[in-house]
Amino acid sequence: MNFKNESISAITELSVKENIASGKAGKYSFKLTAYTPKIIRVQVSKYEVFEEYPFSVVLEPQQPAVKTTENESHLDFNTEHIHAKVQKNPFRLSFYNNSGDLLNADDPSFGVSWLGEEVTNYKALASDEIFLGMGEKGGGLNRRGSSFDNWNSDAFGFNNDTDPLYVSTPFFIGVREGKPYGIFLDNTHKSHFNFGTSNNDRFSYFSAESGDLNYYFIQGDHVNEVITEYTKLTGAMHMPPKWSLGFQQCRYSYYPDHEVYNVADTFREKQIPADVIYLDIHYMKDYMAFTFDNERFPNPKALIDKLTSQGFKVVVILDPGIATKKGYGTYDRGVEKDVFIKYPDGTPFEASVWPGNSHFTDFTSKKGRDWWADELKFYTDLGLEGFWNDMNEPACWGQDIPNMIEFDYDGQEVSHKKARNVYGFQMVRATFEGAKKHIGNKRPFTLTRSGFSGVQRYSAVWTGDNVAGDDHMLLGVRLVNSLGMAGVPVAGYDVGGFVDESSPQLFARWLAVATFAPFFRVHSMVNVRDSEPWAYGEEVEEIARNYINLRYKMMPYLYSLFFKAHQNGTPINKSLAVDYTNDHEIYHGNAQNEFTLGDWLLVCPTTTTQEYAKIYIPEGNWYRFFTDEVVAGGQHYVVETSMEDLPVYAKEGAIIPLQNVVQNTKEVHDGELKLHVYFGHVKSSQNYFEDDGETYAFEDGNYYKRDINFDGEQNSLVLDDKEGAFTSTFKNLKVYLHGFEATEFEINGVAASLQQEDIRLIDPITEFDPLPQRDKKDYLIRGVKFLTTEFIDSEIRIKWS
Ligand code: GLC
């Protein structure tokens with residue numbers, strides 16, 4: 001049989017009922033569902049019954065009001081925010097916002113087409129259209145002119161051009177004449193996205209190897225809103241425990257146990273803050289999941305207890321392959337419960353991976369997930385609350401799982417072709433659910449290498465096996481920024497590089513950049529040099545300590561950003577495309593690597609092989625974070641790239657809550673919330689959030705929340721009344737006034753006395769300097785004015801003149 005492209009043609013049946021328009025176009029069925037006022041779901045199928053994809057979308061259709069009008073040529077299907085035009089002959093869709101601006105339209109010639117089983121939607125490409133997102137994908141910030149595959153892969157030592165990588169999120173944001181929209185293709189087969197590659201801009205398209213065309217069209221007034229709407233569909237990011245925002249140290253592998261004790265002691269002796277130490281595969285007996293090697297780790301409980309008493313959490317790795325060894329409890333129980341994926345003839349699939357011959361749990365079945373969740377008790381009984389899921393693309397030696405292998409897929413009984421992309425996602429779901437079940441009301445921490453849209457409900461993602469190199473450091477930043485635009489706010493990369501070895505300069509720079517990443521972990525490969533913050537000499541050690549200290553100082557800000565991400569999907573690290581979408585400078589050069597932490601801190605990662613680097617500062621006035629030097633935005637600057645001085649800027653209007661340094665997140669701070677406010681003739685606001693940091697009590701109202709509003713025209717800074725039943729851990733408020741000229745201040749109507757202080761957000765390096773000729777910088781911000789007051793729960797209104 002030779003397949004040729006077959007495009008859908010005229011509508012032959014059409015009916016509209018409430019929020020659904022459905023019908024037939026010849027042999028094809030279609031259905032439009034107004035899902036929310038800002039989301040329309042589109043389904044087109046070859047078959048009578050539409051295919052279901054049960055894993056990503058958690059939002060039920062909201063049945064928004066729809067207005068329809070129909071004539072000979074088309075049907076208008078309008079929600080409050082999206083006007084969809086359904087052209088009848090041939091069937092073509094176009095989407096407008098409620099002001100009548102065209103956002104997205106089917107390609108007039110090809111629309112929805114089939115090539116055998118493969119379904120494709122060709123879209124008209126506007127001359128100025130920008131494409132963002134796609135999650136964990138290399139390449140530039142604007143995806144225009146690029147194409148991508150979604151097929152989760154073990155991409156050891158990947159580079160900027162490697163595609164696919166480990167995680168698939170078939171969701172992009174298009175921007176047409178400055179107006180954004182989003183498209184999420186919810187089809188878990190291998191899919192392909194082409195943003196005008198190799199067709200001289202005739203069209204863009206997305207396709208799936210099989211199954212239905214099933215996508216959600218999202219309207220948002222700005223990129224952030226599109227991400228929020230996408231997050232409503234695919235679920236809120238799990239609010240991880242606070243300890244997972246701390247510094248994390250990993251290597252492949254720390255063993256035997258005295259190595260682990262030693263690393264933990266060294267952090268504390270050297271006063272380098274840290275919260276987590278990882279156990280990679282060598283902790284297990286012959287790499288078998290749910291075991292400890294009795295010789296290397298004779299008393300895991302004692303190890304975990306000791307580290308807990310030092311303020312550390314231990315996180316263990318878990319791979320999906322289960323060694324096929326009779327007598328190995330997990331394997332025997334798995335066979336008994338019949339949880340492994342199989343060939344069509346009923347024999348379990350077997351391949352080789354770390355533990356040798358292995359079977360693979362079917363995480364796409366409830367039975368498989370429940371079984372795994374129960375097995376997890378082995379760890380939780382020892383006091384573990386953190387789990388790292390690896391090799392879950394799934395990976396095995398040879399990396400070519402036959403497509404005939406069968407998976408349950410929540411009762412659908414499908415092949416590897418449909419199940420592969422959700423395998424890792426469902427593995428970490430099972431891990432998360434198991435941990436949650438066994439650790440009471442506590443929030444588990446889970447980290448996964450593979451995932452699919454919706455994975456944020458269960459886990460943080462790290463970007464797999466990167467390489468020690470400047471280009472990798474920048475690539476990692478772009479991947480994390482892009483994951484943020486795909487609804488995965490908590491992500492990070494192996495600081496220092498997994499494969500190969502960092503130079504001291506690179507390690508120092510990478511660690512500085514990662515200080516501002518949501519997930520902050522050093523990790524390195526087996527048989528490479530040590531990679532702890534002290535392993536690169538005393539100068540790097542001091543730089544590392546300074547930045548890790550800063551990470552802990554930023555904890556109130558970071559934690560508030562995590563909560564905002566949990567509430568509405570707002571990325572924690574934002575590429576400049578999120579807030580400065582229509583500034584075309586951001587799509588070139590180093591600006592593509594730049595990001596903000598929250599709204600206020602601009603981080604410009606620069607390589608270590610140049611002495612000077614070009615950076616771009618977007619609109620507004622910005623204060624160099626470590627010196628308060630003010631620079632005007634909308635311009636490029638050339639900055640020096642010394643090892644200790646990462647270019648970081650705070651925006652005018654910035655409201656950044658900080659605290660004193662602690663050695664881990666369990667250690668109690670000094671009770672003073674240090675609110676840094678950066679003057680500008682602007683209005684701004686920042687959310688502030690606290691809770692116990694470890695349980696779900698916040699879901700029952702046991703949280704502390706207030707908004708902080710700055711108005712540079714009306715001369716006010718207002719901390720709204722607090723909301724929630726939690727008592728803040730802070731007693732005093734110290735407001736640092738950066739760039740304020742005013743001299744008269746009052747707090748809640750009472751004149752306040754202004755004081756001055758010299759402060760440092762990071763320390764300069766002191767004794768060690770391999771380049772003595774270099775001007776040493778002193779990051780002393782002289783004479784910063786500040787006010788102090790009690791951190792009361794009711795409104796705190798600060799005025800000045
Ligand atoms: C994989 C992981 C890596 C881990 C190694 C050994 O390569 O990506 O992080 O250290 O396996 O478990």
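Taken together, the residues in segment 126-138 that are assigned to a loop (DSSP other than H, G, I, E, B) and surrounded by 24 or more Cβ atoms within 10 Å (Cβ to Cβ) amount to 4. Among the residues making up segment 1-42, those that are part of a strand (DSSP E or B), free of Cβ contacts under 8 Å to residues at least 24 places away in the same chain and of a type in the set (D, E, K, R) are E13, K17, K24, K31. Taking the criterion of being over 25 Å from the mean Cα position of the chain (by Cα) and hydrophobic (A, V, I, L, M, F, W, C), the residues of segment 377-411 that qualify are F378, L382, C396, W397, I401, M404, I405, F407.
Could you go through segment 506-513 and let me know if any residue there is farther than 16 Å from G157 by Cα and either within 14 Å of the ligand (Cβ to nearest atom) or of a type in the set (V, I, T) (or both).
Step one: list which residues in segment 506-513 are farther than 16 Å from G157 by Cα, which gives 506-513.
With the extra rule that they be either within 14 Å of the ligand (Cβ to nearest atom) or of a type in the set (V, I, T) (or both), the set shrinks to 513.
Looking for residues that are farther than 16 Å from G157 by Cα and either within 14 Å of the ligand (Cβ to nearest atom) or of a type in the set (V, I, T) (or both), one finds at least one in segment 506-513, hence yes.
When you scan segment 117-129, do you find a residue that is β-branched (V, I, T) and either in contact with a Pro (Cβ under 8 Å, 6 or more places away or on another chain) or away from the ligand (no atom under 16 Å from the Cβ) (or both), even just one? Yes: one or more hits.
Looking at Y623, Y637, Y616, which one is among the hydroxyl-bearing types (S, T, Y), modelled with pLDDT of 95 or more, crowded, with 21+ Cβ neighbours inside 10 Å and more than 19 Å from R782 (Cα to Cα)? Break it down stepwise before answering.
Working: Y623 fails: more than 19 Å from R782 (Cα to Cα); Y637 fails: crowded, with 21+ Cβ neighbours inside 10 Å.
Selected residue: Y616, the only one of Y623, Y637, Y616 that is among the hydroxyl-bearing types (S, T, Y), modelled with pLDDT of 95 or more, crowded, with 21+ Cβ neighbours inside 10 Å and more than 19 Å from R782 (Cα to Cα).
Checked against the criteria, R143 counts as under 30 Å from V499 (Cβ atoms) and of a type in the set (K, R).
A quick yes/no check of all residues on (1) surrounded by fewer than 22 Cβ atoms within 10 Å (Cβ to Cβ); (2) touching a Cys at 6+ places or on another chain (Cβ under 6 Å); (3) of a type outside the set (G, A, S):
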site: R429; (1), (2), (3): no, no, yes
site: G434; (1), (2), (3): no, no, no
site: K437; (1), (2), (3): yes, no, yes
site: G451; (1), (2), (3): no, no, no
site: W462; (1), (2), (3): no, no, yes
site: A468; (1), (2), (3): no, no, no
site: D471; (1), (2), (3): yes, no, yes
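For segment 47-74, filtered to residues that are in contact (Cβ under 8 Å) with a residue 12 or more places away in the chain and over 37 Å from the mean Cα position of the chain (by Cα), the residue that is farthest from E229 (Cα to Cα) is E72.
For N187, the conditions (1) within 19 Å of H523 (Cα to Cα); (2) open to solvent by less than 10 Å² (accessible area, probe 1.4 Å) all hold with the exception of (1). Filtering segment 150-172 to residues that are buried (at least 24 other Cβ atoms within 10 Å of the Cβ) and away from the ligand (no atom under 16 Å from the Cβ) leaves N150, S168, T169, P170, F171, F172. Filtering segment 505-519 to residues that are crowded, with 23+ Cβ neighbours inside 10 Å and closer than 19 Å to T608 by Cβ leaves L506, F507, A508, R509, W510, L511, A512, V513, A514, T515, F516, A517. The criterion of at least 1 residues that are in contact with a helix residue (DSSP H, G or I) (Cβ under 8 Å, 6 or more places away or on another chain) and of a type in the set (A, V, I, L, M, F, W, C) is met, among strands (runs of 3 or more DSSP E) falling completely within segment 680-724, by 683-690. Residue count for segment 592-613 under the criterion of being in a helix (DSSP H, G or I) and either surrounded by 23 or more Cβ atoms within 10 Å (Cβ to Cβ) or in contact with a Lys or Arg (Cβ under 6 Å, 6 or more places away or on another chain) (or both): the result is 1.
E542: in contact (Cβ under 8 Å) with a residue 12 or more places away in the chain, more than 16 Å from the ligand (Cβ to nearest atom) and open to solvent by 20 Å² or more (accessible area, probe 1.4 Å), yes or no? First the steps, then the outcome.
Details: in contact (Cβ under 8 Å) with a residue 12 or more places away in the chain: yes; more than 16 Å from the ligand (Cβ to nearest atom): yes; open to solvent by 20 Å² or more (accessible area, probe 1.4 Å): yes.
Considered against the rule, which asks whether it is in contact (Cβ under 8 Å) with a residue 12 or more places away in the chain, more than 16 Å from the ligand (Cβ to nearest atom) and open to solvent by 20 Å² or more (accessible area, probe 1.4 Å), E542 comes out as yes.
Candidates V488, V528: the one that is in a loop (DSSP other than H, G, I, E, B) and within 16 Å of the ligand (Cβ to nearest atom) is V528.
Restricting attention to segment 83-114, and to residues there that are open to solvent by less than 30 Å² (accessible area, probe 1.4 Å) and more than 23 Å from S45 (Cα to Cα), which single residue is nearest to the chain's Cα centre (by Cα)? If you could, list the steps in order and put the result at the bottom.
Within segment 83-114, the subset open to solvent by less than 30 Å² (accessible area, probe 1.4 Å) is 84, 86, 91-95, 97, 103-107, 111-114.
Applying the additional criterion that residues be more than 23 Å from S45 (Cα to Cα) yields 97, 103.
Values: N97: 28, L103: 26 Å.
Looking at the filtered set, the residue picked out is L103.
For segment 445-471, filtering for residues that are away from the ligand (no atom under 14 Å from the Cβ), over 19 Å from L558 (Cβ atoms) and not β-branched (V, I, T) leaves 8.
For Y493, the criteria (1) touching a Ser or Thr at 6+ places or on another chain (Cβ under 7 Å); (2) away from the ligand (no atom under 16 Å from the Cβ) hold in every case but one, which is (2). Restricting attention to segment 564-579, does a residue exist that is farther than 19 Å from S482 by Cβ, within 16 Å of the ligand (Cβ to nearest atom) and of a type outside the set (D, E, K, R)? Among the residues of segment 564-579, not one is farther than 19 Å from S482 by Cβ, within 16 Å of the ligand (Cβ to nearest atom) and of a type outside the set (D, E, K, R), which makes the answer no. On the stretch given as segment 341-352, residues that are hydrophobic (A, V, I, L, M, F, W, C) and either away from the ligand (no atom under 16 Å from the Cβ) or not in a strand (DSSP E or B) (or both) total 2. Residues in segment 75-94: is at least one free of Cβ contacts under 8 Å to residues at least 12 places away in the same chain and either farther than 18 Å from L32 by Cα or in contact with a Pro (Cβ under 8 Å, 6 or more places away or on another chain) (or both)? No, that holds for no residue.
Could you tell me how many of the residues in segment 198-208 are in contact with a Ser or Thr (Cβ under 7 Å, 6 or more places away or on another chain) and open to solvent by 30 Å² or more (accessible area, probe 1.4 Å)?
Within segment 198-208, the subset in contact with a Ser or Thr (Cβ under 7 Å, 6 or more places away or on another chain) is 205-208.
Those left that are additionally open to solvent by 30 Å² or more (accessible area, probe 1.4 Å): 205.
So the count comes out to 1.
Restricting attention to segment 634-692, the residues that are of a type in the set (D, E, K, R), over 22 Å from P764 (Cβ atoms) and in contact with a Pro (Cβ under 8 Å, 6 or more places away or on another chain) total 1.
The values are calculated or read from the model by the stated rules, or taken from the named source; none is laboratory data. None of these values were measured; they are calculated from a predicted model. All Cβ positions, even for glycine, are placed from backbone atoms using ideal geometry, and neighbour counts span all protein chains on display. All accessible areas refer to the heavy atoms of the entire protein, side chains included, with ligands and DNA or RNA removed. Shrake-Rupley method; radii C 1.70, N 1.55, O 1.52, S 1.80 Å.
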